[in-house]
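Heads up, the thing below is written out as structure tokens.
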Amino acid sequence: MTTFVDRVELHVAAGNGGHGCASVHREKFKPLGGPDGGNGGRGGDVILVVDQSVTTLLDYHHSPHRKATNGKPGEGGNRSGKDGQDLVLPVPDGTVVLDKKGNVLADLVGQGTTYVAAEGGRGGLGNAALASARRKAPGFALLGEPGRSGDVVLELKTVADVALVGYPSAGKSSLISVLSAAKPKIADYPFTTLVPNLGVVTAGSTVYTIADVPGLIPGASQGRGLGLEFLRHVERCSVLVHVLDTATLESDRDPATDLDVIEEELRQYGGLDDRPRIVVLNKVDIPDGQDLADMIRPDLEERGYRVFEVSAVAHKGLKELSYALAEIVAAARAAKPVEEATRIVIRPKAVDDAGFTVTQEEDGLFRVRGEKPERWVRQTDFNNDEAVGYLADRLNRLGVEEELMKAGARAGDGVAIGPEDDAVVFDWEPTVMAGAEMLGRRGEDHRFEAPRPAAQRRRDREAERDEALKEFEGFDPF
């Protein structure tokens, strides 16, 4: 049964925003209580968070579909809907987030590092929030936006300071078991190690991690064996350790050739040329192994490698190797630039930047693209004429109609707002402002502007009383 997974395709979906509520306050003796519809709640996000206690992507291999909760709709009485709950997905340290095309979206390294894989939709405004001096009682509310959804690929790249590479059965698992407290599977057959093993080593005042990468064979960089699947785990390491078997039973192999083959595979994989190398001649406790180590060591040193003769079984040469690795790791850490706090850069939009574009396509259709127009379309209830009128007013104020005219659009031309696969298409009719004969702008409520008979009668009585008082004050009987 699979217990280690380092690459999965995750299908994430954020929560949808709740719809706004269109409601009118009802109370005795208040026939026109005004709008009191609440706003819809925000949809939950899907967030990836680095958790040091997680070491594999196995959970997402078995359950690749993850969805956050939706926001609740608003209610009357100015009650807003509850926000959807964010879905937090713990991932191992060193997880890389990619899109379906292989582009890197985020590199999650360090405890607590987060990435929003899918953003929840905004909640729609209720009619109480849409009311204004000219639109005192809107009979509509805005719809909640749908949450973002899509597929992301998670790849785990082990975060370690030292990587042990070499042929299968070269003794890498035995070496990491004696250098650290790791307990990998050890056996005398190839490909015993099927997953990377991590161990922590303490050498003096330096503490570093060491990774045992599954054995490589010729063609590993092209997918042979387990190489292509696990070569990514050496990308973050500061030093590469070639573990060479000096007591191999295969007649067509020797340590120098093994080194050349592994180096060629690392070169073809790419990105590892700048990493320092150390060569470990393992199994020198065997007489033939020690003789072979004595023969090839001068040649390896002439090629510029630091060579260590060790025996994981006899615990020979381990201390020298451990301190040498600690020295290289400490130097690599000191050479890294000091991480500075992320600077917040604010780039305001230009004054003349409307935030949308109007283009004419080959078939004569005019397409409007922009964050605001597309969001407004998603939030509009097209079954409500008042809501459609409100959308038209917003687009007009933004300058969409003016840009359509500049682009050559005429009444009756087709206009699409949004991308090709999810657009709203309609026949354009320019807004006509005729003046006095206009009863009002779309969506306005004229009930508050109409004369009220009772109030007019009260004002008439007050005027008659004031006139009588003036006549009385001016009366002189003598």
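Quick notes on this one:
- When all alpha carbon pairs of segment 261-322 are counted in 10 Å bins from zero, the resulting P(r) reads 20, 43, 30, 6 %.
- Contour minus Cα-Cα distance for Ala314 and Leu58 (0.36 nm per residue): 88.5 nm
- Lysines with Cα under 29 Å of Lys100, excluding same-chain neighbours fewer than 8 positions away: Lys67, Lys157, Lys372
- Segment 354-404, Rg to Rh (Cα coordinates; Rh as Kirkwood inverse mean 1/r): 0.99
- A protection proxy built from the mean count of other Cβ atoms within 10 Å ranks the segments 462-468, 153-159, 372-378, most packed first, as 153-159, 372-378, 462-468.
- If R0 is 51 Å, the Cβ-Cβ spacing of Glu263 and Lys30 corresponds to a FRET efficiency of close to 0.05.
- Zone of Arg369's modelled label, taken as backbone nitrogen in segment 399-425 under 20 Å from a point 7 Å along Cα→Cβ: 399-409, 414-425
- Lysines whose Cα lies under 25 Å from that of Lys316, excluding same-chain neighbours fewer than 8 positions away: Lys172, Lys183, Lys185, Lys283
- Extension gain from Val345 to Ser205, taking 0.36 nm per residue of separation minus the Cα-Cα distance: 46.5 nm
- Hits among aspartates and glutamates - C-alpha to C-alpha of Lys319 under 14 Å, sequence gap 8 or more where chains match: Glu309, Glu327
- Stretch gain in nm, segment Thr431-Asp299, where the contour uses 0.36 nm per residue and the Cα spacing is subtracted: 38.9 nm
- Listed cross-link partners Lys30/Lys470; Lys30/Lys136; Lys101/Lys336; Lys72/Lys101; Lys101/Lys406 are compared with a 27 Å cut-off, the Cα-Cα value being larger for Lys30/Lys470; Lys101/Lys336; Lys72/Lys101; Lys101/Lys406.
Each reported figure results from applying straightforward, stated rules to the coordinates on display, with no laboratory input. These numbers were taken from a predicted model, which means no experiment stands behind them. Glycine gets a Cβ as well: all are built from the backbone with ideal geometry, and neighbour counts include every protein chain shown.
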